[in-house]
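The values are calculated or read from the model by the stated rules, or taken from the named source; none is laboratory data. Keep in mind it's a predicted model, so treat the numbers as computed, not measured. Virtual Cβ from ideal backbone geometry, glycine too; neighbours counted across all protein chains shown. Heavy atoms of the whole protein, side chains included, go into the accessibility calculation; ligands, DNA and RNA do not. Shrake-Rupley method; radii C 1.70, N 1.55, O 1.52, S 1.80 Å.
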Amino acid sequence: METGNSFEQDMSPAQCVSKSSPHEHQWLPFRHRSFSRFMTDTLPSEILVFHLLATAFITGVLDATTFADYGVFTSNQTGNAVLLGVGAIGISQISLTDVGTSLSSFLVTALVCGQIAVRLRPGKGRTRWWTLASSFYQSIMILTLPILFHRRAIRLDRNWSWLVILLLASSAGSQVAMAKQFSIPEIPTAMLT
């Protein structure tokens, strides 16, 4: 007596895909598909929600620490635009260099990463490869700082603030480009107005 599972195991992967709904083929085991097909699968929104929530939490922690240490935000660029205006009229002691570094590195990275996502796979910024590549880039930018601090290559002072802000803001720019491609507007990971 055959069960439903053994019947499906006897079917070829192409038959499983043709009988399943559009999202079920993504969860077939990797061994039934090529690596390139696996990496170019479009991920459903339900899976990306946890990723965006974790990213939003990390963004808040990074902004809180960079504002406390350097007086600028690395992902809340609306706050930096306000700080830039306040610093430009001389109301407060704000480092315009730090604010400019954050704004420019954020915008350049968001533009480059957004264009990469659109050009390499138009309309498919929710693919597995893009999510992994963008998350890897963000992790490298963030994890570079503790390594540099541990090796005493840089110190936590005003002389190195530009490098810290540059790395963290470029990570946030990549994150915003990734989140924008996910098309889930209910979960803002960083603000840019």
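Overview of values
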{"quantity": "Residues L143 and S183, FRET efficiency given R0 of 35 Å [Cβ-Cβ distance, rounded to 0.05]", "calculated": "0.80"}
{"quantity": "Most to least accessible of R33, R158 (protein chains only, probe 1.4 Å)", "calculated": "R158, R33"}
{"quantity": "Kirkwood-based Rg to Rh ratio, the stretch 55-181, C-alpha trace", "calculated": "1.01"}
{"quantity": "The stretch 137-174-the stretch 44-70 distance, computed between alpha-carbon centres (Å)", "calculated": "17"}
{"quantity": "Long-range HN-HN contacts of T127 with modeled amide H, under 5 Å", "calculated": "L43"}
